[in-house]
1. Take the residues in region 45-71 that are among the small types (Gly, Ala, Ser) and surrounded by 10 or more Cβ atoms within 10 Å (Cβ to Cβ); name whichever of them is modelled with the highest pLDDT.
2. State the number of residues belonging to region 404-421 that are part of a strand (DSSP E or B) and exposed (fewer than 15 other Cβ atoms within 10 Å of the Cβ).
3. Which of the residues spanning region 366-381 are in contact with a Leu (Cβ under 7 Å, 6 or more places away or on another chain) and assigned to a loop (DSSP other than H, G, I, E, B)?
4. Out of (1) within 26 Å of VAL188 (Cα to Cα); (2) in a loop (DSSP other than H, G, I, E, B); (3) modelled with pLDDT of 90 or more, what's the single condition that is false for LEU94?
5. Taking the conditions exactly as written (at pLDDT 90 or above, out of contact with any strand residue (DSSP E or B) (no Cβ under 9 Å at 6 or more places or on another chain) and not in a helix (DSSP H, G or I)), does LEU395 satisfy them or not?
6. Go through LEU160, LEU148 for me and flag whichever is buried (at least 16 other Cβ atoms within 10 Å of the Cβ), more than 29 Å from the chain's Cα centre (by Cα), in contact (Cβ under 8 Å) with a residue 24 or more places away in the chain and outside any helix (DSSP H, G or I).
7. When region 363-393 is examined, which residues are found to be touching an Asp or Glu at 6+ places or on another chain (Cβ under 9 Å) and surrounded by fewer than 20 Cβ atoms within 10 Å (Cβ to Cβ)?
8. Test of understanding: among GLY36, GLY23, which residue is at pLDDT 80 or above and at positive phi?
Amino acid sequence: MACVAKAKAAVQFSCTECGYSAGRWFGKCPGCSSFGTLVEEPVAGAAPAGGAAASRPPLRLVDVDVEEAARIGTGVPELDRVLGGGLVPASLVLLGGEPGVGKSTLLLMALQAMSGTRRALLVTGEESVAQVKLRADRLGGCGGIEVLAETELEVVCETLRTERPDVCVIDSVQTLYSSELGSAPGSVAQVREAAARLLRVAKESGVATILVGHVTKDGAVAGPRVLEHLVDCVLQFEGDRYHEHRVLRAAKNRFGSTNELGVFEMTGAGLVGVPDPSEVFGRTVEGEPGAAVACALEGTRPLLLEIQALVAQSELAMPRRVATGVDPKRLAMIVAVLSRHAGVPLGQADVFVNVAGGVRIDEPGADLAVALAIASAARRCPVRGGTAAFGEIGLTGRLRPAAQAERRLEECAKLGLVRAVAPAGTAAAGRIRVEGAETLRAAIRAGLEPAPNDGDGSARHERGESRAAAR
């Protein structure tokens, strides 16, 4: 009797970064050149051939009713700020963050506020209905929120088509699975299929949908990179679970700016928005070497932040440059410019820079404050009292003007500061006295307290040795 060979299940290999698919495994993805990102997944069955698709007449933009695109206020002002004014109907938003940072709490608070005037649905795949009720009671009541504990993708999509809520939160997208695919929930194929179907349902039914996504150890949203391409908005909820402040940023936003910033404080009753973050992050103790106040601009919000620096003699062959809240490459450039053009010898010193409060600065306008903090720590001279700094540093040692200087100065005056060190040409505003500087060396001279002189010229001798070391 002839032996019948068993057919081998069809599989394919998909890249978790770019979504590239191939019939065999590659160590290096041909699509995005990433190494070790191709994972095995079964091939979904081919869809049955249907009839010819019917064409649809296109619409002219002038004929589109604007009322259909009116934003939905979430009831959380800081979330509305980052979204660009609220949720857009039929949009798909992805919220990512580390475990325990407060993603579910933030969205449950938003659903509570919206359930008073709109129909809000929460699809939970990680918690039971009773657990959601307990958490809602801790936040002050559940209001009119509707809850569905389901992980099967087909059931969730059909529920959205039938019920048509105004807003739907799915916590989380990694728990959904489709019975048509043989892979496990959370795999590349399942996450990609769930995002594609939910996008189609959201656009067809006009449901504003928010997906909660897990993150990897690097902080990126888990799953294929195509997930971020499919959605309309990608929000990152950042913060240390051991600190009370959280920061909400937009990495992608088709309906608003990606530079906006939302600040929250975690309390026993949930997340509370911080309307004036400068009051929280910008306070310093006068007379401390190594501390400076930066006036950064995050979207439309000026933000005062305390920059802390520590310079210590290095015992290593290659001194360390450690940055927390600042781009390490930017820090290395600032240290090099300080050594070459400002006479601050840092070649044999370890440099540590930290932004107080766990906030991250990406804009170049904070360069001058970072440089002042490092120079203050290296020379052991404090920054002048009541002084803030902003400006971009060039590789030649010259300062470049920062955008929206007037708004920055207004924020400095609101906090009670009296002086600002800025690039030359910055116009004064209000009661703030602007110390203009052409170069970084001049800015350090204007921003730091004079070095103590004991009468025998030792301070001048130390400064002369520093210049000689820099040469």
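The values are calculated or read from the model by the stated rules, or taken from the named source; none is laboratory data. All figures in this text were calculated on a predicted structure; none of them were measured in a lab. All Cβ positions, glycine included, derive from the backbone under ideal geometry; neighbour counts span all protein chains shown. In case anyone asks, the SASA skips ligands and DNA or RNA and just uses the protein heavy atoms, side chains included. Shrake-Rupley method; radii C 1.70, N 1.55, O 1.52, S 1.80 Å.
1. From region 45-71, those among the small types (Gly, Ala, Ser) are 45-47, 49-55, 69-70; that's our starting set.
Still in the running and surrounded by 10 or more Cβ atoms within 10 Å (Cβ to Cβ): 45, 69-70.
Values: GLY45: 52, ALA69: 66, ALA70: 82.
Taking the candidates together, the pick is ALA70.
2. Pass one, region 404-421, residues part of a strand (DSSP E or B): 419-421.
Applying the additional criterion that residues be exposed (fewer than 15 other Cβ atoms within 10 Å of the Cβ) yields none.
So the count comes out to 0.
3. CYS381
4. All conditions pass for LEU94, except number (2).
5. Numbers: at pLDDT 90 or above: yes; out of contact with any strand residue (DSSP E or B) (no Cβ under 9 Å at 6 or more places or on another chain): yes; not in a helix (DSSP H, G or I): yes.
Yes, satisfied.
6. Details: LEU160 fails: outside any helix (DSSP H, G or I).
Just one listed residue meets the conditions, LEU148.
7. GLU363, PRO364, CYS381, ARG384, GLY385, GLY386, GLU392
8. Numbers: GLY23 fails: at positive phi.
Being at pLDDT 80 or above and at positive phi holds for just one of GLY36, GLY23, which is GLY36.
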